[in-house]
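So the structure is just underneath, and the comments pick up after that.
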Amino acid sequence: MKILIVDDSNAMRMIVRRTLREAGFGHLEVQQASDGNEALELIRKNPPDLILSDWNMPNKSGLELLYALNEEGYKITFGFITTEGTAEMRAKAAQAGAKFIINKPFTAETFAQTLGAFIKD
């Protein structure tokens with residue numbers, strides 16, 4: 001199973017990757033992208049099974065990436081990892097098809113509980 005981590009912060013991508021390992025998902029193939037545009041290019045070449053995306057990024061936000069994937073007909077499990085989590089944001093994410101929002105700061109336990117339903121060995 002392939003996971004794509006999309007975040008404009010390299011440090012945060014590394015933290016997400018480490019937390020995936022700590023949550024028991026270290027065996028998965030992980031790709032990384034620094035914004036929605038880079039992610040879209042990677043997805044078109046080699047679609048992942050799960051996308052973990054930041055909400056706020058330059059060039060193309062996480063929500064804009066999700067909209068683009070919907071327009072192109074991709075059916076990839078998509079979730080946000082973000083510092084924001086307002087009711088309005090959650091509603092927008094759900095309407096666009098996001099399966100979950102994980103708020104920062106997060107723990108390995110949060111990853112295990114939230115992602116366990118979506119990650120298949």
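Given an 8 Å cut-off on Cα distances and at least 6 residues of separation, report the relative contact order of the chain as a percent. Each step should come with its number before you reach the end.
Working: 191 pairs, mean separation 31.8, N = 121.
Relative contact order here is 26 percent.
List the aspartates and glutamates whose alpha-carbon lies under 18 Å from that of Lys45, not counting same-chain residues fewer than 8 positions away? Leaving aside aspartates and glutamates fewer than 8 places away in the same chain, those within reach of Lys45 are Glu29, Asp35, Glu71, Glu72. Comparing Ile43, Ile15, Ile102 in a Gaussian network model of the chain, where Cα atoms under 10 Å apart are tied by springs, the biggest mean-square fluctuation is seen for Ile15.
Give the shape of the range 24-89 as rounded, prolate or oblate, defined through the alpha-carbon gyration tensor: a ≥ b ≥ c are the square roots of its eigenvalues, a/c under 1.5 means rounded, and otherwise the shape is prolate if a/b is larger than b/c and oblate if not.
On the way: a/c = 1.57, a/b = 1.17, b/c = 1.35.
It comes out oblate by the Cα gyration axes.
Compactness of the range 57-121 is given as radius of gyration and Dmax, 12.4, 34 Å, from Cα positions.
My understanding is that a pair violates if its Cα-Cα distance is over 24 Å; which of Lys99/Lys120; Lys60/Lys104; Lys2/Lys75; Lys60/Lys120 do that in this structure? Pairs exceeding the cut-off: Lys60/Lys120. Here nothing in the chain passes the span test, since no DSSP H helix has an alpha carbon length of 24 Å or more along the helix axis and a Kyte-Doolittle mean of -0.5 or above.
Computed from point charges on the beta carbon alone (+1 for Lys and Arg, -1 for Asp and Glu), the dipole magnitude for the range 2-115 about its Cα centre is near 260 Debye.
If you add up the charges near Val16, with Lys and Arg at +1 and Asp and Glu at -1, over every other residue whose beta carbon is less than 14 angstrom from its beta carbon, what do you get? Could the numbers behind the result be given before it?
Values: positive: Arg13, Arg17, Arg18, Arg21, Lys104; negative: Asp7, Asp8, Glu22, Asp54.
Once positives and negatives cancel, what remains is +1.
Read-outs: derived from the displayed coordinates by stated rules, not from any lab. Here the structure is a predicted model, which is why all the values come from computation and not from measurement. Reconstructed Cβ throughout: ideal geometry from the backbone, glycine too, with neighbour counts over all protein chains shown.
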